1. In terms of modelled amide H atoms, which long-range or inter-chain residues lie less than 5 Å from the amide H of LEU73?
2. Report the Cα-based extents of segment 64-141 along its three principal axes, largest first, to the nearest Å.
3. Can you tell me how much longer the chain between PHE143 and ALA48 gets when fully stretched, taken as 0.36 nm per residue apart minus their C-alpha distance, in nm with one decimal?
4. Relative contact order of segment 31-139: what whole-number percent is it, with Cα pairs under 8 angstrom and at least 6 residues apart?
5. Determine, for SER108, SER120, the number of other Cβ atoms within 10 Å of each Cβ, and report the residues in order from fewest to most.
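Please treat every number below as a calculation from the coordinates, not as lab data. The shown structure was predicted, so the numbers you read here are calculated from the model rather than taken from an experiment. For neighbour counting, all protein chains shown are included, and Cβ atoms are generated from backbone atoms with ideal geometry for every residue, glycine included.
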Amino acid sequence: MSDAPRSERYEFTDAPGTAPADHEHPAETPGLPDDAVDAVQGQMRDIAEVPAVEVITTAAVHLMSAAAVKCGLAADEDADELKDLDEARKLITALAGFVTAAAPEIGSQHAGPLRDGLKSLQLAFREASPFPDAPGAGPGEKFTGPVYG
């Protein structure tokens, strides 16, 4: 798989060959019960009330949790069976980019604990690897710089 950005653009329309301006969407959503539409609208209102810093930290915690499991740090007896270092590398790299990009927006009081968790995961990955990466070459270190234990 290439690292080059994909050039495809997807446009979703109701019928093949129609442009978005060629059709109208009714106010009611056909095929969905009213209670389902109300539930979705309620969820959108709930999301709108959540501060951005909370959404960002929640997303980071989800990435951390998934990476920890993939590093073999799950609390279950089958933690070793769940270990997948290739997947862990991807998650840790995504987390590093995410935390690095979000840090100026969320402030040090929120970014600090996320950075600490990220560093712990980077060290756990190195420890779990049969052939550890050199400092500076591990997952996410292109965003964070070298990580030392």
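1. Excluding prolines and chain starts, which carry no amide H, there are no hits.
2. For segment 64-141, the Cα extents along the three principal axes come out at 37, 28, 15 Å.
3. Once the chain is fully extended between PHE143 and ALA48, it gains 31.2 nm.
4. Relative contact order comes out at 26 percent.
5. SER108, SER120
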